[in-house]
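Step one of this worksheet: look at the structure below.
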Amino acid sequence: MNYLYTLLAMISSMLLAIVIIPKLLVIATERKLFDLPDDRKTHNHPVPRIGGVSFFPCILFSMLLIIGLSAEYSPDNQMLADCSGFSLFFCGLTLLYLCGVKDDIVGLSYRYKFIVQILVSLIIVSSGIYINDLYGFMGINALAPYIGIPLTIGAIILIINAINLIDGIDGLASGLSLFALGVYGSLFILDNQWIYAAIAFSTVGVLIPFFFYNVYGSVQRQRKIFMGDSGSLSLGLILAFLAIRYACNTGSTSINIETVLVVAFSPILLPILDVMRVIFYRIKNKKHLFKPDQNHIHHKLLNMGLTKSISLVVIMFYNVCICMMNFFIIRYVNVMIVFSLDVVIWILANMLISRIIRQKLPRQTVAKNHNSVVAYSNL
C-alpha cells in the first residue's frame, strides 16, 4: 500500500505543477519578474525567474494528501513514522522558501539569506536528525552531539548553497536534483522509511514539468522559466535533509553501516565539490566569498566552447558515473579511499578543463585581433 501512496505523492505533485507553472509564467510576464541577462549569466533574453515558487506548495499538498489518506485508511502503516523529523523539516522548508520568494520578487541580501539558513539548520537538528556517526571516516565513528550538530549545520548550509550556485545553465540544478532524489527515494524505500521516500518522489513530481519548461521552453513563446532562489534554496534543503537523514545512524539493520556515508553523499557530491573548489579559489585570490563569478564547472565547460546542452549532458554523465562508481567500489575499499579518489578525479578533471581553456585563449585572442585589423582596414 505504501508504494501506492508514494506514487500518488509524485503524481499529485506533478499534476499540480503542470497547472501552476503556466500561471506563474503569466504572472511573471505581467509583473516583469524577469532574470535579466548580464556578463555573468549564460542566457541572452529576459526569462521569468519564479518557477521555484511552485515547488513548496506542490510538495506540501502531495505530502499532506497521502498522510491524510494513510491516517484514514491505513493507520497502522509506516507512512506516519517519525512525525517530529518530518514536521520540523517542513517548518524549516517554509522559512527558506519564503526567503527565496522574497529574493525572487524584490531581492534579498546574502547576509539575510545566510542567517535564515542557519536558523533553518537549527530547526532541523532540533528534531534529533544530525550526523551522529562517521562510520570509520578518518578513523572516527560515533560523534558526540556537540560535534555532530555543528557539523550538520555546516553541511546543510554547504549543500543549500551548492545547489543554489550550480543553477547556472538550463536543466542543471533540476537535472542533478532529479537524479539525486530518485536515488534517495529508492534508498528510503529499501529501508522502509516511507515518509522520506514520499518527500523525495513528490519533489521529483514537481521537477518533471519544471524541467520541461526550463530546458525545452521557448523564450519567444513565453514558455521558458527559471526556478530562482525560491526553487534552488528549497531543493538544496530537501537534498541536504534527505542525505543527512540517511547518514544518521538510527540502528537500522537494513542499512550497511560500512557504506552509508558514501551512499548518502555520492548523489550530490559534484555540486558539493564544485562549491568547495569555488570557495577555495575565492579565498586564495582574496575575492568576496558571496560575490557571484564565472568560475563554476558549467562556466568552465562553456569557456571550452561547449554548448549549454552539451555541458548539461557532460556534467550529468560525470555525476552519474561518480555516484555509480562509489556505490560499486565502497564494497571493496575503505570510505576514506573512496572520497580521496573522488577528490583526485575531480581535481584532475578541472586541471584538464583549465588546460584546454588556456590553449584556446591564444587562438581566440589572435582571431579577435585579426578581425579588428580587417575591420580597421575596411574603414
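The values are calculated or read from the model by the stated rules, or taken from the named source; none is laboratory data. Just so we're clear, the structure is a prediction, and the values are computed from it rather than from any experiment. Positions of Cβ are generated from backbone atoms using ideal geometry, with glycine treated the same way; all protein chains shown enter the neighbour counts. These area figures cover heavy atoms from the full protein model, side chains too; ligands, DNA and RNA do not enter into them. Shrake-Rupley method; radii C 1.70, N 1.55, O 1.52, S 1.80 Å.
Inside the range 253-342, counting only helices (runs of 4 or more DSSP H) that do not spill past its ends, which hold 3 or more residues that are over 23 Å from Phe211 (Cβ atoms) and modelled with pLDDT of 85 or more? Spell out the reasoning first.
Values: elements: 260-265, 269-284, 297-303, 308-329.
Once the helices (runs of 4 or more DSSP H) in the range 253-342 are filtered for at least 3 residues that are over 23 Å from Phe211 (Cβ atoms) and modelled with pLDDT of 85 or more, what remains is 260-265, 269-284, 308-329.
Mind checking whether some residue in the range 61-73 is open to solvent by 50 Å² or more (accessible area, probe 1.4 Å) and in a loop (DSSP other than H, G, I, E, B)?
No - not one qualifying residue is present in the range 61-73.
Only residues that are on the phi < 0 side of the Ramachandran plot and open to solvent by 20 Å² or more (accessible area, probe 1.4 Å): list them for the range 301-311, please.
Within the range 301-311, Leu302, Asn303, Met304, Leu306, Thr307, Lys308, Ser309, Ile310 qualify.
Quick one: which of Tyr318, Tyr281, Tyr246, Tyr332 is open to solvent by 40 Å² or more (accessible area, probe 1.4 Å), among the hydroxyl-bearing types (Ser, Thr, Tyr) and touching a Leu at 6+ places or on another chain (Cβ under 7 Å)?
Among Tyr318, Tyr281, Tyr246, Tyr332, only Tyr318 is open to solvent by 40 Å² or more (accessible area, probe 1.4 Å), among the hydroxyl-bearing types (Ser, Thr, Tyr) and touching a Leu at 6+ places or on another chain (Cβ under 7 Å).
All but one of (1) over 22 Å from Leu187 (Cβ atoms); (2) open to solvent by 40 Å² or more (accessible area, probe 1.4 Å); (3) of a type in the set (Phe, Trp, Tyr) hold for Trp346, so report the exception by its number.
(2)
If we scan the range 166-188, do we find a residue that is out of contact with any Leu (no Cβ under 9 Å at 6 or more places or on another chain), open to solvent by 10 Å² or more (accessible area, probe 1.4 Å), on the phi > 0 side of the Ramachandran plot and touching a residue at least 60 places away in the same chain (Cβ under 8 Å)?
Within the range 166-188, none of the residues are out of contact with any Leu (no Cβ under 9 Å at 6 or more places or on another chain), open to solvent by 10 Å² or more (accessible area, probe 1.4 Å), on the phi > 0 side of the Ramachandran plot and touching a residue at least 60 places away in the same chain (Cβ under 8 Å).
Looking only at the range 220-235, decide whether some residue is more than 20 Å from Asn164 (Cβ to Cβ), assigned to a loop (DSSP other than H, G, I, E, B) and β-branched (Val, Ile, Thr).
no
Of all residues in the range 123-142, which are under 20 Å from the mean Cα position of the chain (by Cα) and surrounded by fewer than 15 Cβ atoms within 10 Å (Cβ to Cβ)?
Listed by number, the list is empty, since nothing qualifies.
I want to confirm something. Restricting to the range 123-146 and keeping residues that are in contact (Cβ under 8 Å) with a residue 12 or more places away in the chain and of a type in the set (Phe, Trp, Tyr), which single residue is farthest from Phe339 (Cα to Cα)?
Selected residue: Tyr130.
Say whether the condition of being without any contact (Cβ under 8 Å) to a residue 40 or more places away in the chain, surrounded by 15 or more Cβ atoms within 10 Å (Cβ to Cβ) and among the hydrophobic types (A, V, I, L, M, F, W, C) is met by at least one residue in the range 210-219. I'd like the intermediate steps shown before the answer.
First, the residues of the range 210-219 that are without any contact (Cβ under 8 Å) to a residue 40 or more places away in the chain: 212, 216-218.
Retained after the next criterion (residues that are surrounded by 15 or more Cβ atoms within 10 Å (Cβ to Cβ)): 212, 217.
Imposing the further condition that a residue be among the hydrophobic types (A, V, I, L, M, F, W, C) reduces the set to 212.
Within the range 210-219, one or more residues are without any contact (Cβ under 8 Å) to a residue 40 or more places away in the chain, surrounded by 15 or more Cβ atoms within 10 Å (Cβ to Cβ) and among the hydrophobic types (A, V, I, L, M, F, W, C).
Per-residue answers, yes or no, for (1) over 16 Å from Ile129 (Cβ atoms); (2) part of a loop (DSSP other than H, G, I, E, B):
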| site | (1), (2) |
| --- | --- |
| Ile149 | no, no |
| Asp167 | yes, yes |
| Ala180 | yes, no |
| Tyr184 | no, no |
| Ile189 | yes, no |
| Ala200 | no, no |
| Val204 | yes, no |
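Looking at the range 288-305, which of its residues are among the charged types (D, E, K, R) and either in contact with an Asp or Glu (Cβ under 9 Å, 6 or more places away or on another chain) or without any contact (Cβ under 8 Å) to a residue 12 or more places away in the chain (or both)?
Lys291
Assess whether Ile105 counts as being of a type in the set (Val, Ile, Thr), closer than 21 Å to Met227 by Cα, modelled with pLDDT under 95 and surrounded by 14 or more Cβ atoms within 10 Å (Cβ to Cβ). Give the derivation first.
Values: of a type in the set (Val, Ile, Thr): yes; closer than 21 Å to Met227 by Cα: yes; modelled with pLDDT under 95: yes; surrounded by 14 or more Cβ atoms within 10 Å (Cβ to Cβ): yes.
Against the criterion (of a type in the set (Val, Ile, Thr), closer than 21 Å to Met227 by Cα, modelled with pLDDT under 95 and surrounded by 14 or more Cβ atoms within 10 Å (Cβ to Cβ)), Ile105 qualifies.
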